[in-house]
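As structure tokens, the structure follows; a few thoughts come after it.
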Amino acid sequence: TASGYCSTVSGGYSNTASSAYSAILGGQNNNTSTFDKAMIVGSEIMANRTNTTFVNNLSIMNIPPASMGLPPGSVWNDNGTLKIV
């Protein structure tokens, strides 16, 4: 169910995007609750804050090996240690 203003549920089962500008990408039993701009990818997730992306497990591929040229907030790999610019 996508009942929030401009919200989207694109598949899955028993998902509810009831807050504005929220989205759920598949999975099951997810709920954006009352938190606007919550994004959910996974299953059995209940949003608990606004403007946040929630995932069960996250795998980042091809992580840059240096911070040079990356914008603030980007993740990079410093010889096996993840760092944020």
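Going by the conditions given, is residue 77 at pLDDT 95 or above and not in a loop (DSSP other than H, G, I, E, B)? Explain how you work it out, then say what you get.
Numbers: at pLDDT 95 or above: yes; not in a loop (DSSP other than H, G, I, E, B): yes.
Taking the combined requirement at face value, the residue satisfies it.
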Just to check your reading of the model, which residue among 48, 62 is in a loop (DSSP other than H, G, I, E, B), at pLDDT 95 or above and either open to solvent by 60 Å² or more (accessible area, probe 1.4 Å) or of a type in the set (Val, Ile, Thr) (or both)?
48
Given the conditions (1) open to solvent by 80 Å² or more (accessible area, probe 1.4 Å); (2) touching a Ser or Thr at 6+ places or on another chain (Cβ under 7 Å); (3) not basic (Lys, Arg), every one holds for residue 35 apart from (1)
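Considering only residues of segment 65-85 that are of a type in the set (Val, Ile, Thr) and within 18 Å of the chain's Cα centre (by Cα), which is most open to solvent (accessible area, probe 1.4 Å)?
Going residue by residue through segment 65-85, those that are of a type in the set (Val, Ile, Thr) are 75, 81, 84-85.
Pick out the ones that are also within 18 Å of the chain's Cα centre (by Cα) and you get 75, 84.
Details: 75: 50, 84: 127 Å².
For segment 65-85, the residue satisfying everything is 84.
The values are calculated or read from the model by the stated rules, or taken from the named source; none is laboratory data. Note that the coordinates shown come from a computational prediction; the quantities given were computed from them, not determined experimentally. Cβ coordinates were reconstructed from backbone atoms using ideal geometry, including for glycine residues, and neighbour counts include every protein chain displayed. The area values use the complete protein model at the heavy-atom level, side chains included, leaving out ligands, DNA and RNA. Shrake-Rupley method; radii C 1.70, N 1.55, O 1.52, S 1.80 Å.
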